[in-house]
C-alpha cells in the first residue's frame, strides 16, 4: 500500500500531527508526507490512500486572509496556498481518503477544516474510509495537547488497517 499525507501548517502543530500519522501508517504502507506547497497537482495511480489535513481557521479550512494573519504572528511552515486551494485544483480522484485537522482544545469552537476537506474529497470521487479526525492544541499557536502525537500515530495505524488490502480501482 502507498499512502500520501498532505498537510498545511502555520505554527508547526499540524505538521507534527501529519508526521505522526505517517509514522502510524509506515508499519504497513509506503508513506509520503508532504507540505501542501510541495504536494502533487494530481494523485498518482499508485496512491492507495490520500490523507489530507490542516488547521481549523475561522471555523473551516484556512483562507488567504487567515493565513496572512497567521504569518504576521511569525508562523512560517506553510507559506503559499493552503489545502482549500489544493483540493479545489484536484481533478477527479478515485482513491480511499481520510481527513484531519488541528484546533484549540478550549474553548471548544464549532467548525472543522477536516470536515470541509472531506466534502471536497468526496465531491472529487474519493471514498472516505473514516470520519474526519480532530487533534487538539492547547492554544492558537500550540503546543499540542499531551497525548495527541501518540493518538495521531494510532489513528494512522488504524487508517492502514481500514484500507488494508482494499486498494483503489483506478
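DSSP finds beta bridges in the chain, and of those with both partners inside it, around 5 percent are antiparallel.
Placing dummy labels 7 Å off each Cα toward the beta-carbon, the span from residue 85 to residue 138 is 3.3 nm. Potential lengthening of the chain between residue 68 and residue 94 amounts to 6.1 nm, from the contour at 0.36 nm per residue minus the alpha-carbon distance.
With contributions of -39500 (n - 2.57) from each DSSP H run of at least four residues, the per-residue ellipticity at 222 nm computed over the chain stands at -10500 deg cm²/dmol. A convex hull fitted around the alpha carbon atoms of the stretch 2-163 yields 92 Å³ per residue. Relative to the longest principal axis of the Cα atoms of the chain, the long axis of helix 113-124 makes an angle of roughly 30 degrees. So if R0 is 30 Å, what FRET efficiency would residue 130 and residue 41 give, r being the distance between their Cβ atoms, rounded to the nearest 0.05? Using R0 = 30 Å, I get an efficiency of 0.70.
Counting other beta carbons within 10 Å of each residue's own, what order do 47, 149, 17 fall into, fewest first?
Listing 47, 149, 17 from fewest to most nearby Cβ atoms yields 149, 47, 17.
No value in this document is a laboratory result; all are computed from the given coordinates. What you are looking at is a predicted structure, and each value in this text was computed from that prediction instead of being measured. Positions of Cβ are generated from backbone atoms using ideal geometry, with glycine treated the same way; all protein chains shown enter the neighbour counts.
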